[in-house]
There are 2 protein chains.
Amino acid sequence: MLKKDGVTIYHIAKEAKVSPATVSRVLTGSANVREPAKSRVLALINKYNFKPNVMAQSLYLKQSKMLGIILPDIDHPFYSMIVKQLESQALERGYTCLLCNSMQNFSIEQAYLDNLISRQVDGIVFLGGRINQTHPTEELLTGMNDSLRHVPIVFVNGKMDGVNAHTIRTDEASGVRRLLDMLIHHGHKTIGLIGGVVGVSSTDEKISVFRETLKEKRLMVKEEWIHSSGYSIEGGEQDAMHLLHLDERPTAVMCINDFVAIGAIKMFRKFGLKVPGDVSVTGFDDTYLSEHFPPGITSVNHNYQKLAKKTIETLIGLISHEEQEKETIIPTYVTIRNSCEEWKQP
Amino acid sequence: MLKKDGVTIYHIAKEAKVSPATVSRVLTGSANVREPAKSRVLALINKYNFKPNVMAQSLYLKQSKMLGIILPDIDHPFYSMIVKQLESQALERGYTCLLCNSMQNFSIEQAYLDNLISRQVDGIVFLGGRINQTHPTEELLTGMNDSLRHVPIVFVNGKMDGVNAHTIRTDEASGVRRLLDMLIHHGHKTIGLIGGVVGVSSTDEKISVFRETLKEKRLMVKEEWIHSSGYSIEGGEQDAMHLLHLDERPTAVMCINDFVAIGAIKMFRKFGLKVPGDVSVTGFDDTYLSEHFPPGITSVNHNYQKLAKKTIETLIGLISHEEQEKETIIPTYVTIRNSCEEWKQP
DNA sequence: CTGTTAGCGCCTTCAT
DNA sequence: ATGAAGGCGCTAACAG
């Protein structure tokens with residue numbers, strides 16, 4: 001009852017008075033087919049709007065030409081921007097993408113991993129989630145290792161100790177440094193860092209680079225100016241609120257991403273502070289929002305296209321059993337907008 | 001060389017000293033298997049981390065448990081919000097989604113349609129693109145009809161004359177009316193409508209409802225206050241600019257979506273107009289941005305979850321050859337924020 | 001309850 | 001250049 005219709009190469013073969021093999025040949029172009037027959041077949045393919053069953057093909061050829069993408073939340077512009085690039089890079093190389101939103105849920109994440117493997121994807125791109133946990137559980141670790149035994153997986157901006165996966169990483173550390181250089185160059189001496197989640201590697205790394213760099217520059221690292229309430233706009237509001245309640249506030253605030261920056265700017269302004277007049281703010285990820293959210297947010301760009309290109313190249317290389325760099329670093333760059341300015345001593 | 005590894009039910013069967021059928025039985029639970037054997041099989045499945053090949057299953061069962069989703073641009077929050085809901089509804093029912101970004105390109109759209117059919121998806125959800133063209137080309141029409149002959153397709157907020165597809169539509173017309181009622185209730189007598197693309201049904205419909213409603217209310221419909229430069233933030237800026245250059249400006253402006261509203265607000269403010277003080281603005285789609293973009297944009301919500309639920313239900317119903325409503329209307333509602341206020345005669 | 005067998009739709013040797 | 005045949009991994013009769 002669920003059965004589909006089903007024009008197959010056999011139907012075509014019969015009606016064209018040739019063998020199925022011949023139909024297959026004109027379909028794949030794997031061998032020449034003489035003219036009277038060839039045209040007949042082509043005509044029938046057109047007549048029935050015949051499309052070969054890719055599952056049958058894949059079954060035989062042992063490759064599905066499908067790639068899986070696992071990520072936490074497509075709503076976040078960082079991910080939607082990356083996904084678009086990944087998809088278009090994959091498409092160019094003849095691959096179709098299966099997109100999986102784990103909704104920040106590790107069980108769903110694992111279920112998708114298993115599902116993708118069952119569906120015979122040729123490779124998987126993994127973003128966020130467990131690969132950003134600074135201390136993943138044993139279960140997450142073995143889940144990943146088991147999967148890796150079935151199929152090549154490339155991590156984007158993540159890593160797991162004890163998991164031997166290939167990684168493409170954007171140079172967030174140098175992004176942080178450049179942002180700091182700029183702020184310091186602008187005369188800021190008191191700088192805070194907000195947003196993110198402690199225990200998530202991208203947050204931890206940014207915080208640690210932040211600390212180191214300030215120390216190098218002989219600037220004060222005030223612990224209460226480092227505060228992490230998540231990656232959302234609301235999180236940014238909360239973190240900004242935290243700063244607002246302090247006796248002494250930094251004159252510049254780095255935010256873990258653009259969402260947090262948006263939240264922070266909203267909250268600062270709500271409390272009558274001018275951005276960038278009273279406090280300079282930086283974002284991260286350079287999503288389209290940073291351009292449009294007033295006053296325009298200075299942010300770090302991940303080089304999305306290059307990132308996606310390298311990721312897909314590496315994955316497809318792995319699929320073809322070619323040796324690939326274990327870790328590739330994609331340079332980032334700062335996009336200057338209007339959320340930061342010179343600090344003038346009041 | 002591209003070949004994968006390959007533990008199959010045959011390997012397991014052999015090692016467990018049972019027949020492949022028995023392995024299949026414990027896998028699917030389609031029949032009981034006695035205890036000594038059952039445990040041995042289970043143990044081996046676990047040992048090898050065996051995952052059945054879904055392509056082979058699908059080939060035999062003639063159903064892939066995959067759904068295709070075709071949309072123009074995942075970057076747009078309207079689409080990313082819907083996709084998340086669709087995906088989660090599908091997942092609940094055991095379906096995996098193949099997401100396809102057509103990038104507003106009709107050829108890619110068609111290529112994806114063909115690809116999805118070749119890949120044997122059980123059904124397709126179609127959003128935007130050709131199904132919103134007021135006058136689609138013959139080619140787009142036949143392309144869709146050909147596809148429809150292969151697989152059930154559900155349109156979300158679209159329709160094509162001459163294409164007999166099922167549609168789930170949100171009640172945008174009543175959304176427009178409610179917005180207008182509110183503005184008129186606030187004392188606005190001069191109202192504009194900006195954004196969108198003429199020839200795209202969602203734009204055309206909104207404009208037409210807009211005209212009708214104003215006439216009913218005996219308010220002036222000034223043609224130069226209706227202006228459409230697209231769906232983007234930049235488009236909103238341009239349309240707002242157009243209004244700013246006019247001798248006489250409306251006191252309230254409806255925008256085709258939230259992006260356009262954001263652009264318009266930016267531009268109005270840039271020119272010193274207060275929103276909502278000098279001009280009230282409404283958005284559409286009630287994306288997360290409308291909540292966070294200052295001053296908070298009054299917008300129409302599509303009831304995303306209900307929409308997605310109904311869409312997936314209808315599609316799966318169709319797949320199971322159950323009769324389904326040809327068109328379902330999902331009610332919309334207005335979310336009030338701070339971008340509109342009473343009009344006070346200056 | 002369990003093994004044998006055939007076949008889902010396609011592709012690719014292997015002969016012809 | 002073309003046809004026949006086997007097999008990709010799995011499931012569902014059909015016997016036993």
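Structural remarks
- By average C-beta atoms within 10 angstrom, highest first, the peptides B:123-131, A:208-216, A:165-173: B:123-131, A:165-173, A:208-216
- Helix A:77-92 vs. chain A, principal-axis angle (Cα, 0 to 90°, nearest 10): 30
- Residues of type lysines that A:Lys306 reaches as a straight line, Cα spacing below 19 Å, ignoring anything fewer than 8 places off in the same chain: A:Lys84, A:Lys326
- Angle of helix B:201-216 to the longest C-alpha principal axis of chain B, folded into 0 to 90 degrees and rounded to 10: 40°.
- Partner chain coverage, peptide A:94-101 - average Cβ within 10 angstrom: 5
- With contacts taken as Cα pairs under 8 Å and at least 6 residues apart, the range B:9-61 reaches a relative contact order of 29 percent.
- Rounded to the nearest 10 degrees, the angle from helix A:35-47 to the longest Cα principal axis of chain A is 50 degrees.
- Average beta carbon contacts from partner chains per residue of A:281-294, 10 Å cutoff: 3
- Shape of chain B, Cα gyration tensor, a/c cut at 1.5: prolate
- The heavy atoms of A:Phe271 offer some 110 square angstrom of accessible surface to a 1.4 angstrom probe.
- Shielding by other protein chains, B:300-306, mean Cβ within 10 Å: 0
- Across chain B, the relative contact order, built from alpha-carbon pairs under 8 Å that are at least six residues apart, equals 15 percent.
- Of the solvent-accessible surface of chain A, computed with a 1.4 Å probe over protein heavy atoms with every protein chain present, carbon and sulfur atoms account for 52 percent.
- Rounded accessible area of A:Leu42 (nearest 10 Å², 1.4 Å probe): 80
- Normalising the average separation of contacting C-alpha pairs (under 8 angstrom, six or more residues apart) by the number of residues puts the relative contact order of the range A:172-302 at 23 percent.
- Taking a ≥ b ≥ c as the square roots of the eigenvalues of the alpha carbon gyration tensor, the protein assembly as shown is oblate, as a/c is not under 1.5 and a/b does not beat b/c.
- Computed helical MRE - 222 nm, chain A, DSSP H runs ≥ 4 contributing -39500 (n - 2.57), nearest 500: -14000 deg cm²/dmol
- Judged by the mean number of other Cβ atoms found within 10 Å, the most tightly packed of the peptides A:317-326, B:137-146 leads the ranking B:137-146, A:317-326.
- Whole-Å distance, taken between Cα centres, linking the range A:4-49 and the range A:234-307: 61
- Net dipole in debye of the protein assembly as shown [+1 Lys, Arg Cβ; -1 Asp, Glu Cβ; about Cα centre; nearest 20]: 2080
- Solvent-accessible area lost on pairing B with A (1.4 Å probe, both sides summed) amounts to about 6100 Å².
- The residues of the protein assembly as shown present an accessible area of 43 Å² per residue when probed at 1.4 Å with all protein chains retained.
The values are calculated or read from the model by the stated rules, or taken from the named source; none is laboratory data. Computed from a predicted model, the values in this text were never measured in an experiment. All Cβ positions, even for glycine, are placed from backbone atoms using ideal geometry, and neighbour counts span all protein chains on display. Heads up: the accessible areas ignore ligands, DNA and RNA and are worked out on the full protein's heavy atoms, side chains in. Shrake-Rupley method; radii C 1.70, N 1.55, O 1.52, S 1.80 Å.
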